[in-house]
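Before any comments, here is the structure.
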Amino acid sequence: MIRQQVARLRIIFGAFALGALLAQLVVVPLVAADYAEAYPEVAYLAPPYVTAIVVAIGGFEVALLAAWQLLSAAVVGEASAGRSKRWANVMAVSLGLMAVLFAGVCVHAGSFAAVGGPPMLFGLLTSLALVPVAFGIRNKALDFLLDDDAHRVPR
């Protein structure tokens, strides 16, 4: 991995973090308020759904932080097995938590609250598909950091 790739990845991580923060603080609450106003019969669902989605986005932000730490370990060349495994596990678990929270909202909305229709099924399937992807990313990151010294970024 060369320095230009590291810089691009950091810009991408920063953009994702900024987008997630914007979604968490502005977009999700505004959209929920608009839908609560348009559909007053299910307005009582807005606060718990917003809370779950904001926490799930927080899980994504934690995963970005963990990915940043893994990238920093690759740049410095000090990717110790214990530290890298901890950050990779944090990344995978936080992405898994995010997926489970989104899946829970989709299941509740589609099954128990009977709102949302078929998009809730697709949201559920997409969320659950993220769990194995998160652990696959974890394994690839650890393989890169711990097994392949040829890809280290020169100081």
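The values are calculated or read from the model by the stated rules, or taken from the named source; none is laboratory data. If you're wondering where the values come from, they're calculated on a predicted model, not measured in any experiment. Cβ atoms come from the backbone with ideal geometry, glycine included; neighbour counts cover every protein chain shown.
For the range 25-41, the tally of residues that are in a helix (DSSP H, G or I) and either touching a helix residue (DSSP H, G or I) at 6+ places or on another chain (Cβ under 9 Å) or surrounded by 12 or more Cβ atoms within 10 Å (Cβ to Cβ) (or both) stands at 10. From the list Val131, Val62, the lone residue that is in a helix (DSSP H, G or I), more than 21 Å from Arg8 (Cβ to Cβ), aliphatic (A, V, I, L, M) and modelled with pLDDT of 95 or more is Val62. Looking only at the range 16-24, decide whether some residue is farther than 26 Å from Phe135 by Cβ and in a helix (DSSP H, G or I). Yes, there is a match, as at least one residue in the range 16-24 is farther than 26 Å from Phe135 by Cβ and in a helix (DSSP H, G or I). Got at least one residue in the range 80-95 being part of a helix (DSSP H, G or I), over 30 Å from Val6 (Cβ atoms) and in contact (Cβ under 8 Å) with a residue 24 or more places away in the chain? No.
Would the range 80-95 turn up any residue that is under 24 Å from Leu21 (Cα atoms) and at pLDDT below 90? The answer is no; no qualifying residue exists.
Return the only residue of Leu18, Leu101 being modelled with pLDDT of 90 or more, touching a Ser or Thr at 6+ places or on another chain (Cβ under 9 Å) and under 30 Å from Phe144 (Cα atoms).
Numbers: Leu18 fails: touching a Ser or Thr at 6+ places or on another chain (Cβ under 9 Å).
Of Leu18, Leu101, the one residue that is modelled with pLDDT of 90 or more, touching a Ser or Thr at 6+ places or on another chain (Cβ under 9 Å) and under 30 Å from Phe144 (Cα atoms) is Leu101.
All of (1) in contact with a His (Cβ under 9 Å, 6 or more places away or on another chain); (2) under 24 Å from Cys106 (Cα atoms); (3) surrounded by 17 or more Cβ atoms within 10 Å (Cβ to Cβ) hold for Ala46 with one exception: (1).
Test Ala114 against the stated conditions and say whether it is modelled with pLDDT of 85 or more, out of contact with any Lys or Arg (no Cβ under 8 Å at 6 or more places or on another chain) and outside any helix (DSSP H, G or I).
Values: modelled with pLDDT of 85 or more: yes; out of contact with any Lys or Arg (no Cβ under 8 Å at 6 or more places or on another chain): yes; outside any helix (DSSP H, G or I): yes.
Criteria met by Ala114.
None of Ala66, Ala92 is under 27 Å from Asp143 (Cα atoms) and touching a Lys or Arg at 6+ places or on another chain (Cβ under 6 Å) except Ala92.
Just the residues that are farther than 21 Å from Tyr44 by Cα and surrounded by 15 or more Cβ atoms within 10 Å (Cβ to Cβ), please, taken from the range 97-122. Passing the criteria: Leu97, Met98, Ala99, Val100.
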